[in-house]
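J.: What follows is a structure written as structure tokens; I'll ask about it next.
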């Protein structure tokens with residue numbers, strides 16, 4: 001078996017970025033014997049600049065870099081090849097078209113660099129939802145060559161995108177409806193509500209456990225779930241834009257004003273509302289879930305009553321779930337369920353995509 | 001986009017074979033614009049011989065052939081290019097290495113032809129479990145080039161094999177245990193037992209509904225599930241042989257003697273046994289499922305008690321379910337669930353594999 005040498009350029013060195021680097025290093029020997037591929041990191045970029053080593057970083061340099069970053073250093077502080085140009089200028093350091101760009105940032109500003117990389121013949125793997133949820137035109141420009149994969153954007157490592165693209169679309173099985181829970185945070189909340197806990201207490205606990213962003217409104221507003229729904233809809237070929245998605249947040253718009261402590265205090269005012277909604281649902285043998293629905297050309301996300309005994313109703317805690325209703329899966333949907341958050345699942349999703357691209361068009 | 005022309009040779013023209021031909025024909029336009037591939041059937045084989053058309057059969061000829069077969073004709077009866085050589089002699093009719101062989105028989109005798117096809121540079125798609133469950137050496141000889149796919153052998157169109165290979169193995173996520181229900185027939189039986197129905201009545205109903213083979217012992221004995229467990233274990237790299245799998249059937253060995261009517265009569269003797277096992281399990285908040293477990297180098301299949309609220313315990317009716325316990329999916333498994341039988345799901349699984357192979361190594 002001839003060995004494929006593939007250069008990696010990574011945008012983002014936060015928790016997920018570190019987990020990806022560590023997973024690639026740990027897998028190196030297995031990747032060689034199983035697939036005949038060898039990855040060499042040539043650039044690591046954070047928001048301030050890039051560490052570059054055209055011959056490929058050594059194991060020691062990579063570990064030193066991700067460890068220092070995890071301890072709060074900037075790439076600029078480290079004694080490694082360093083450049084502070086923009087991301088687009090980094091792309092050409094690969095010096096070969098046998099290269100993959102990994103975007104594990106949460107930035108809107110990587111699109112130009114990704115498009116440049118694709119124009120150079122590279123592939124790209126995204127855990128970053130932002131480039132795929134700008135205009136539909138941008139989505140198409142990234143996807144058209146079939147060299148961008150983005151498994152980790154929805155459901156973390158759960159193979160949601162692979163199933164949609166390969167088991168359903170490629171199998172010519174028409175998809176009638178997709179519904180799912182794509183937020184571990186909101187899963188934790190709705191399961192807690194069902195168990196009788198107060199909304200305000202659950203938000204407080206979720207924030208204290210690190211399940212939410214520092215400002216929990218970022219999760220409770222539903223936009224992250226809306227982006228995932230948009231990615232699924234566009235993967236099915238629907239030319240939707242983000243503002244066309246109907247998003248119902250878990251708090252009224254007025255609570256968007258004010259500081260986080262003020263917001264936290266006001267959540268108590270919602271306790272009774274949610275207690276009643278849970279009780280009303282229970283009276284109909286239903287439970288509340290924060291559901292994304294992609295159906296008849298539209299996508300919506302919000303709190304919904306679902307039958308207690310349905311796949312969504314049986315979902316517990318922070319797990320994600322997706323149900324595909326198709327011609328083949330007409331009586332009962334095709335369901336995937338699993339941990340949909342956490343750096344290791346996300347890194348596993350990125351890794352699966354790296355291998356898939358490496359074993360397809362790269363030489 | 002340049003169009004890839006790919007020759008198809010199909011072994012098997014039963015219900016699944018017909019569904020595959022019809023799905024390929026229905027997908028033709030979409031396959032061309034979406035992937036730039038065009039399939040041309042050059043040979044269709046049944047157990048008596050082959051219909052051959054080196055330039056590719058027309059839509060009309062294909063539909064006429066599968067319809068006549070469905071109405072009970074043999075290929076030999078039809079006025080189309082016909083050959084009665086063995087399968088291996090058919091392989092070279094493709095006249096190009098851009099070819100895929102589809103094995104949708106239930107025969108042990110296709111291995112030689114499959115190996116010949118691979119030696120010619122073709123790919124192969126199997127819904128037939130037999131070639132993959134002969135010796136481990138044969139399994140390796142088929143799999144070693146990465147040009148054989150077999151999604152439909154386990155869980156029909158549910159992407160069990162793709163998830164195992166791509167989302168877990170390629171992602172370098174160590175798999176600790178796999179458990180699942182891979183028989184719609186036995187799912188129907190165990191759900192019925194749980195609902196209080198008698199074993200003998202359920203077997204009678206399953207047979208009358210066509211859920212079982214004409215001799216229901218073929219399903220109730222567990223060998224079909226054992227083959228699926230073996231395929232999963234071998235996909236993980238475990239060098240197991242079929243006799244090493246511990247198989248617990250649903251009836252005592254003594255009932256293997258005698259005719260089908262005699263067997264059906266004796267199932268009444270088992271009613272009380274299963275009534276008791278269901279009751280005992282229920283007392284522990286457990287239910288009975290026919291489970292395949294792949295764990296620590298071993299595989300076993302048999303009736304098991306599982307917690308009522310576990311994914312397997314919540315499974316209803318004929319759906320299949322697989323749960324992967326891995327490093328990433330440690331707290332709760334990665335679960336796939338869906339219709340695991342029926343010609344359309346199987347044909348969809350075959351189709352997904354045809355597209356995957358066509359978009360990878362074929363030119």
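The values are calculated or read from the model by the stated rules, or taken from the named source; none is laboratory data. Please read all numbers here as calculations on a predicted model, not as lab measurements. Please note: Cβ atoms are built from the backbone with ideal geometry, for glycine as well, and neighbour counts cover all protein chains shown.
J.: Just to be sure I understand the filter: pairs with C-beta atoms under 7 Å, separated by 6 or more residues or on different chains, first member in the stretch A:261-273 and under 18 Å from residue A:303 (Cβ atoms), second member not in a helix (DSSP H, G or I). Which pairs pass?
T.: Once the first residue is under 18 Å from residue A:303 (Cβ atoms) and sits in the stretch A:261-273, its partners that are not in a helix (DSSP H, G or I) give A:270/A:251; A:271/A:198.
J.: What residue, of A:158, A:225, is within 14 Å of chain B (Cβ to nearest Cβ) and either at pLDDT 95 or above or assigned to a loop (DSSP other than H, G, I, E, B) (or both)? Give the derivation first.
T.: Values: A:225 fails: within 14 Å of chain B (Cβ to nearest Cβ).
Unique residue meeting the criteria: A:158.
J.: Let me ask something additional. Need at least 1 residues that are farther than 21 Å from residue A:155 by Cα and modelled with pLDDT of 95 or more per element, so show me which strands (runs of 3 or more DSSP E) inside the stretch A:238-329 make the cut, counting only ones lying wholly within it.
T.: Answer list for the stretch A:238-329: A:286-295, A:298-307.
J.: Ok, one more. Need at least 2 residues that are modelled with pLDDT of 95 or more and surrounded by fewer than 17 Cβ atoms within 10 Å (Cβ to Cβ) per element, so show me which helices (runs of 4 or more DSSP H) inside the stretch B:11-90 make the cut, counting only ones lying wholly within it.
T.: B:15-35
J.: Consider residue B:168 carefully, then state whether it is touching a strand residue (DSSP E or B) at 6+ places or on another chain (Cβ under 7 Å), in a helix (DSSP H, G or I) and surrounded by fewer than 21 Cβ atoms within 10 Å (Cβ to Cβ).
T.: When the stated conditions are applied, residue B:168 does not pass them.
J.: Now, a different point. Go through the stretch A:124-149 and give me each residue that's more than 14 Å from chain B (Cβ to nearest Cβ) and not in a helix (DSSP H, G or I).
T.: Scanning the stretch A:124-149 gives A:124, A:126, A:128, A:129, A:133, A:134, A:135, A:148.
J.: Sticking with this structure for a sec: Of all residues in the stretch B:306-348, count the ones that are more than 7 Å from every other protein chain (Cβ to nearest Cβ) and within 30 Å of residue B:41 (Cβ to Cβ).
T.: Qualifying residue count, the stretch B:306-348: 7.
So that you can scan it fast, the table gives a plain yes or no per residue for (1) within 26 Å of residue A:315 (Cα to Cα); (2) surrounded by fewer than 23 Cβ atoms within 10 Å (Cβ to Cβ):
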| residue | (1), (2) |
| --- | --- |
| B:277 | no, yes |
| B:321 | yes, no |
| B:327 | yes, yes |
| B:342 | no, yes |
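J.: Same structure, new question: Go through the stretch B:32-65 and give me each residue that's closer than 17 Å to residue B:125 by Cα and within 14 Å of chain A (Cβ to nearest Cβ).
T.: Selection gives B:37, B:39.
J.: Right, next: Only one residue in B:184, B:145 is within 15 Å of the chain's Cα centre (by Cα) and at pLDDT below 95. Which one?
T.: None of the others qualify; the one that does is B:184.
J.: Among the residues of the stretch A:95-104, is there at least one that is within 13 Å of chain B (Cβ to nearest Cβ) and crowded, with 18+ Cβ neighbours inside 10 Å?
T.: no
J.: Under 9 Å between Cβ atoms, at least 6 apart or on separate chains: pull out the pairs that start in the stretch A:185-204 with a residue that is free of Cβ contacts under 8 Å to residues at least 40 places away in the same chain and outside the structural domain of residue A:260 (by TED's automatic domain parsing) and end on any residue that is buried (at least 23 other Cβ atoms within 10 Å of the Cβ) and in a helix (DSSP H, G or I).
T.: none
J.: Among the residues of the stretch A:284-307, is any more than 18 Å from residue A:179 (Cα to Cα) and in contact with a helix residue (DSSP H, G or I) (Cβ under 8 Å, 6 or more places away or on another chain)?
T.: no
J.: Name the single residue that is nearest to residue B:38 (Cα to Cα) among those in the stretch B:1-21 being without any contact (Cβ under 8 Å) to a residue 60 or more places away in the chain and touching a strand residue (DSSP E or B) at 6+ places or on another chain (Cβ under 8 Å). Before you say what the answer is, go through the steps one by one.
T.: Taking the stretch B:1-21 and keeping what is without any contact (Cβ under 8 Å) to a residue 60 or more places away in the chain, we get B:1-3, B:21.
If we keep only those that are touching a strand residue (DSSP E or B) at 6+ places or on another chain (Cβ under 8 Å) as well, we get B:3, B:21.
Numbers: B:3: 7, B:21: 14 Å.
Checked the stretch B:1-21; the qualifying residue nearest to residue B:38 (Cα to Cα) is B:3.
J.: OK, next. Given B:96, B:105, which one is within 16 Å of residue B:13 (Cα to Cα) and not in a helix (DSSP H, G or I)?
T.: Result of the check over B:96, B:105: B:105.
J.: Let me ask something else. Can you name the condition, by its number, that residue A:118 falls short on among (1) out of contact with any helix residue (DSSP H, G or I) (no Cβ under 6 Å at 6 or more places or on another chain); (2) within 20 Å of residue A:8 (Cβ to Cβ); (3) not in a helix (DSSP H, G or I)?
T.: (3)
J.: Which condition from (1) over 29 Å from residue B:119 (Cα atoms); (2) surrounded by fewer than 22 Cβ atoms within 10 Å (Cβ to Cβ); (3) at pLDDT below 95 is the one that residue B:192 breaks?
T.: (3)
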